[in-house]
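What follows is a set of notes on a single structure, which appears directly below.
The values are calculated or read from the model by the stated rules, or taken from the named source; none is laboratory data. Keep in mind that what you see is a predicted model, and the values were worked out from it rather than measured. We place every Cβ from the backbone using ideal geometry, glycine too, and count neighbours over all the protein chains shown.
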Amino acid sequence: MEAERRCPTCRARVQWQDNPCRPFCSERCQLADLGGWVAEQYRIPGSPLGVDMLDDDESDPA
Ligand SMILES: [Zn+2]
């Protein structure tokens, strides 16, 4: 019995055997996931406080 594998990017069923891109369904999804991951990394040093500032701005209008 084999569990169904799904692509983390597009949720499509993934062909497991002979698939060099697994757990992704294709190289495209593999790169898309990597790209999103890298983007998240870049956002961390950006400033998570931005959300706080927006909140503060709302409670204290100029
Ligand atoms: Zn996919």
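Can you give me the number of residues within region 1-14 that are modelled with pLDDT under 90 and either within 16 Å of the ligand (Cβ to nearest atom) or in contact with a helix residue (DSSP H, G or I) (Cβ under 6 Å, 6 or more places away or on another chain) (or both)?
Within region 1-14, the first condition is being modelled with pLDDT under 90, and the residues that meet it are 1-4.
Add one more test, that the residue is either within 16 Å of the ligand (Cβ to nearest atom) or in contact with a helix residue (DSSP H, G or I) (Cβ under 6 Å, 6 or more places away or on another chain) (or both), and what stays is 4.
The qualifying residues number 1.
Considering region 10-27 alone, what residues qualify as being surrounded by 13 or more Cβ atoms within 10 Å (Cβ to Cβ) and among the basic types (K, R)?
Scanning region 10-27 gives a single hit, R22.
On the given criteria, is S47 modelled with pLDDT of 90 or more and out of contact with any helix residue (DSSP H, G or I) (no Cβ under 6 Å at 6 or more places or on another chain)? Lay out the reasoning, then the answer.
On the way: modelled with pLDDT of 90 or more: no; out of contact with any helix residue (DSSP H, G or I) (no Cβ under 6 Å at 6 or more places or on another chain): yes.
Against the criterion (modelled with pLDDT of 90 or more and out of contact with any helix residue (DSSP H, G or I) (no Cβ under 6 Å at 6 or more places or on another chain)), S47 does not qualify.
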